[in-house]
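Report on one structure; see the data block that follows.
The values are calculated or read from the model by the stated rules, or taken from the named source; none is laboratory data. Only a predicted model underlies this, so the values are computations on that prediction, with no experimental measurement involved. In this analysis, Cβ positions are derived from the backbone assuming ideal geometry, glycine residues included, and neighbour counts consider all displayed protein chains. Just so you know, the surface numbers come from the protein's heavy atoms only, side chains and all, with ligands and any DNA or RNA stripped out. Shrake-Rupley method; radii C 1.70, N 1.55, O 1.52, S 1.80 Å.
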Amino acid sequence: MQKKILVTGGLGFIGHHLTKQLLKQDSDCRLSIVDNLSSTKIDFSWLPEQVEVHIMDLLDFNPTEPYDEIYHLASPVGALGILKRNGYIARDILSLSYKIAELSIQHNARLLFVSSSEIYGHDGVHTENVSKVVPNYRGTRLEYSLGKLLSEEILYNLSIDHRLNFSVCRPFNVFGEQQSAELGFVIPAFFQHALHQRPLPVFMDGKQKRSFCYVQDIVDAMLLVMERGAKSGTYNIGHDGNCVSILELAGKILEVTGSRSGIAFVDPIEIYGEKYAEAFDKIPDLTKMKEELGWVPKVSLEDALKQLVVFYHKQENPDNAD
């Protein structure tokens with residue numbers, strides 16, 4: 001039987017890679033994408049004809065055909081991307097969450113809700129059942145994280161009284177080809193500066209730590225959670241072996257690009273204003289993914305950065321691309 005799949009935010013960074021993988025593993029699936037192009041601008045002319053692309057807000061999308069699976073990625077994204085929606089981020093996230101819950105219930109579709117590691121709210125190694133903390137700082141990032149956390153709880157509560165079959169995944173620091181520096185993602189920003197021989201802008205002292213996970217690993221994990229994740233289950237997805245400080249990351253990118261541009265320590269508040277808040281240190285505990293679903297991330301930070309050098313060089317010199 002032909003599987004019918006809906007991907008919201010399917011033309012964004014992660015959605016782009018997810019769509020490619022879905023078509024690779026089942027070229028006969030009936031795939032629909034809804035995206036308002038509000039974040040990453042990625043060429044989608046490569047999509048085959050059988051893929052239905054709806055360039056519109058998800059809130060205005062009212063399909064008549066049923067879906068078997070729904071991947072919900074539509075959301076404001078990026079430390080800088082969310083700033084322009086300050087004061088409205090939670091409303092945006094919650095409105096989309098209610099909409100996708102209604103569609104999932106209406107079509108009796110299996111739903112994968114893509115949440116965020118931001119919901120933990122504090123430094124440390126995070127397990128899915130650890131207590132969540134509301135930090136004492138204020139700003140757009142906190143509004144974003146609370147919107148994601150409340151969305152998870154809404155889905156759970158709706159599933160008690162309705163036929164809502166969903167799982168949640170919480171990605172940690174995804175990176176890869178097609179990610180946007182303009183939205184505040186650090187790895188594409190560092191590559192952009194390194195290749196143009198400009199100092200890499202490291203916020204504060206650069207000691208803040210991140211666990212970076214290559215996008216293909218994230219996509220593989222999402223597909224597995226959709227296929228075999230527990231109903232109402234929540235799963236961290238990331239790479240616990242790719243933990244580095246931002247200053248260490250800058251050094252790795254300078255090394256892999258051969259750039260002599262150096263490093264500039266900057267205060268993000270002076271640049272972006274008081275709405276900005278730097279993320280806390282976060283490392284995923286992947287015990288549930290490993291023990292319940294048998295999944296482990298495969299791509300090291302070093303190998304992924306080497307792949308990205310090739311990608312960015314081709315972007316800079318398209319005439320020399322193979």
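Values as computed for the structure displayed
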quantity	calculated
Residues (surrounded by 12 or more Cβ atoms within 10 Å (Cβ to Cβ) and either of a type in the set (Gly, Ala, Ser) or in contact with a Gly (Cβ under 6 Å, 6 or more places away or on another chain) (or both)) located in segment 39-72	Ser39, Thr40
Checklist (1) over 24 Å from Arg85 (Cβ atoms); (2) touching a residue at least 24 places away in the same chain (Cβ under 8 Å) applied to Leu149, failing item	(1)
Matching entry among Lys282, Lys275 (being closer than 19 Å to Gly184 by Cβ, open to solvent by less than 40 Å² (accessible area, probe 1.4 Å) and either touching a Cys at 6+ places or on another chain (Cβ under 7 Å) or touching a residue at least 24 places away in the same chain (Cβ under 8 Å) (or both))	Lys282
Boolean, Ser39 is more than 22 Å from Tyr214 (Cβ to Cβ), among the small types (Gly, Ala, Ser) and either outside any strand (DSSP E or B) or modelled with pLDDT of 95 or more (or both)	no
Check on Asp35, closer than 30 Å to Glu278 by Cα, of a type in the set (Asp, Glu) and crowded, with 19+ Cβ neighbours inside 10 Å	yes
Test: residue in segment 73-96 that is hydroxyl-bearing (Ser, Thr, Tyr), more than 25 Å from Gln216 (Cβ to Cβ) and either open to solvent by less than 30 Å² (accessible area, probe 1.4 Å) or part of a helix (DSSP H, G or I) (or both)	yes
Qualifying residue in segment 187-194 (condition: in contact (Cβ under 8 Å) with a residue 40 or more places away in the chain, touching a Leu at 6+ places or on another chain (Cβ under 8 Å) and within 27 Å of Lys24 (Cα to Cα))	yes
Where Pro268 falls short, out of the listed (1) touching a strand residue (DSSP E or B) at 6+ places or on another chain (Cβ under 8 Å); (2) at pLDDT 95 or above	(2)
Odd one out for Arg110, checked against (1) at pLDDT 95 or above; (2) surrounded by 15 or more Cβ atoms within 10 Å (Cβ to Cβ); (3) basic (Lys, Arg); (4) more than 19 Å from Leu22 (Cβ to Cβ)	(4)
Looking only at segment 119-134, and only at residues there that are more than 19 Å from Leu286 (Cβ to Cβ) and among the β-branched types (Val, Ile, Thr), the one that is surrounded by the fewest Cβ atoms within 10 Å (Cβ to Cβ)	Val134
Identity of the residue in segment 164-185, open to solvent by 40 Å² or more (accessible area, probe 1.4 Å) and modelled with pLDDT under 95, that ends up farthest from Pro268 (Cα to Cα)	Gln178
Candidate set: segment 191-202, residues that are touching a helix residue (DSSP H, G or I) at 6+ places or on another chain (Cβ under 8 Å) and buried (at least 19 other Cβ atoms within 10 Å of the Cβ); chosen: the one farthest from Pro76 (Cα to Cα)	Ala194
Filter result for Ile269 (under 25 Å from Val133 (Cβ atoms) and without any contact (Cβ under 8 Å) to a residue 24 or more places away in the chain)	yes
Test: Pro188 is within 20 Å of Tyr276 (Cβ to Cβ) and either among the aromatic types (Phe, Trp, Tyr) or open to solvent by 20 Å² or more (accessible area, probe 1.4 Å) (or both)	no
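Every residue, every condition in (1) among the polar types (S, T, N, Q); (2) modelled with pLDDT of 95 or more; (3) under 17 Å from Ser115 (Cα atoms), yes or no:
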site: Lys3; (1), (2), (3): no, no, no
site: Leu22; (1), (2), (3): no, yes, no
site: Asp28; (1), (2), (3): no, no, no
site: Phe44; (1), (2), (3): no, no, no
site: Asp57; (1), (2), (3): no, yes, no
site: Thr64; (1), (2), (3): yes, no, no
site: Ala74; (1), (2), (3): no, yes, yes
site: Ile82; (1), (2), (3): no, no, yes
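Here's the yes/no breakdown for (1) in contact with a Cys (Cβ under 6 Å, 6 or more places away or on another chain); (2) without any contact (Cβ under 8 Å) to a residue 40 or more places away in the chain; (3) of a type outside the set (A, V, I, L, M, F, W, C):
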position: Leu183; (1), (2), (3): no, no, no
position: Gln197; (1), (2), (3): no, no, yes
position: Gly238; (1), (2), (3): yes, no, yes
position: Cys243; (1), (2), (3): no, no, no
position: Leu247; (1), (2), (3): no, no, no
position: Ile253; (1), (2), (3): no, no, no
position: Gly258; (1), (2), (3): no, yes, yes
position: Phe265; (1), (2), (3): no, no, no
